Amino acid sequence: MSEYQTLIIEQRGAVTLVTLNRPEALNALNAQVLADLLAAIRAFDADDSQGCAVITGSAKAFAAGADIKEMQAMDFAAMYGSDHFAGWDVFTRTRKPVIAAVAGYALGGGCELAMMCDFILAADTAKFGQPEIKLAVTPGMGGSQRLAHAVGKAKAMEMCLTGRMMDAEEAERAGLVARIVPAADLVEEAVKTAATIAGMAPLAVKANKEMVNAAFDMGLSQGVQFERRLFHGLFGTADQKEGMNAFVEKRPGNWQGR
Ligand code: CAA
């Protein structure tokens, strides 16, 4: 029996494949999904044999949002008192890369979860949206902020105010997704991409992730300085010597992770 009620976890070499598995609710994100995902992502982050994770859903839905039935009866005191959804911030503190492989609906919290990942690979069937306004609320897991960063104010504002969905083509044009792949190939392509990342020197992977993310929190000169310091720091690693020696000697690098 899996220790996870709402996830299927597989290790494929150095890649952890996490499949959201609440088909009866189109993978709606309830407290159990959050608890399972946090446990799974912590285990992944702590496992030195694992270099990159992929999160995916079903062919029909990556995730159709936060669980509306769970929130329906909650009042302000319950929401504010428990700082509802704050747990998702923990998910974003994962230091190794996480790829979202999205097919079908990524709506509300589903779109927000995909955007919390380091990048999104979209099936040609993917549909993204922040339809919370139709429920008389707003995004609550970072969607208004991350969508605005990803696609700019005009599209983010239009999507949040109308609740309309964006298809994969539009999402790629707008910069929300890295690439579109045929739905049938989505998971294999995401795992292959994750394996490429997992094959890189582990400290350089963490540093690259950390510095691109810094671009969303820092001003330009501060961010460029942060980049340079991390770059300098990697010259204190054995893998930098190995990587540059391997290039000069025309052979693949053999990483030690230090
Ligand atoms: N929460 C709880 N249950 C959900 C759900 C959600 N977000 N989305 C779908 N479901 C459930 C449905 O209630 C239904 O269950 P029952 O069979 O028990 O009625 C089951 O999943 C299948 O859904 P549908 O019958 O609706 O499937 P469909 O193919 O007709 O429609 C859909 C698909 C367009 C995605 C539609 O399900 C839908 O609009 N879902 C809600 C989308 C939404 O509003 N998401 C935002 C949620 S709020 C949020 O996420 C807040 C935040 O910022 C964090």
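The values are calculated or read from the model by the stated rules, or taken from the named source; none is laboratory data. Everything numeric in this text was worked out from a predicted model, so none of it was measured. Using ideal geometry, Cβ is built from the backbone for each residue, glycine included, and neighbour counts are taken over all protein chains shown. Surface accessibility is based on the protein's heavy atoms, side chains included, excluding ligands, DNA and RNA. Shrake-Rupley method; radii C 1.70, N 1.55, O 1.52, S 1.80 Å.
Quick look at the values:
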quantity	calculated
Elements of type strands (runs of 3 or more DSSP E) in the stretch 36-135, at least 1 residues being in contact with a strand residue (DSSP E or B) (Cβ under 7 Å, 6 or more places away or on another chain), more than 22 Å from A25 (Cβ to Cβ) and at pLDDT 95 or above	52-56, 98-102, 119-123
Among (1) touching a strand residue (DSSP E or B) at 6+ places or on another chain (Cβ under 8 Å); (2) surrounded by 17 or more Cβ atoms within 10 Å (Cβ to Cβ), the one test that E10 misses	(2)
Number of the exception - T138 against (1) closer than 26 Å to A14 by Cα; (2) part of a loop (DSSP other than H, G, I, E, B)	(1)
Residues being in contact (Cβ under 8 Å) with a residue 40 or more places away in the chain and loosely packed, with under 11 Cβ neighbours inside 10 Å - total across the stretch 219-258	1
Test for L176: is it closer than 25 Å to V33 by Cα, within 17 Å of the chain's Cα centre (by Cα) and either open to solvent by 10 Å² or more (accessible area, probe 1.4 Å) or of a type in the set (S, T, Y) (or both)	yes
Members of the stretch 70-91 that are touching a residue at least 40 places away in the same chain (Cβ under 8 Å) and either on the phi > 0 side of the Ramachandran plot or exposed (fewer than 15 other Cβ atoms within 10 Å of the Cβ) (or both)	F85, V90
Residue list for the stretch 103-152, filter: of a type in the set (D, E) and either free of Cβ contacts under 8 Å to residues at least 12 places away in the same chain or open to solvent by 30 Å² or more (accessible area, probe 1.4 Å) (or both)	D118, D124
Contacts under 8 angstrom Cβ, first residue in the stretch 161-184 being farther than 12 Å from G129 by Cα, partner among the aromatic types (F, W, Y) and away from the ligand (no atom under 15 Å from the Cβ), 6 or more apart	V177/F119; A178/F119
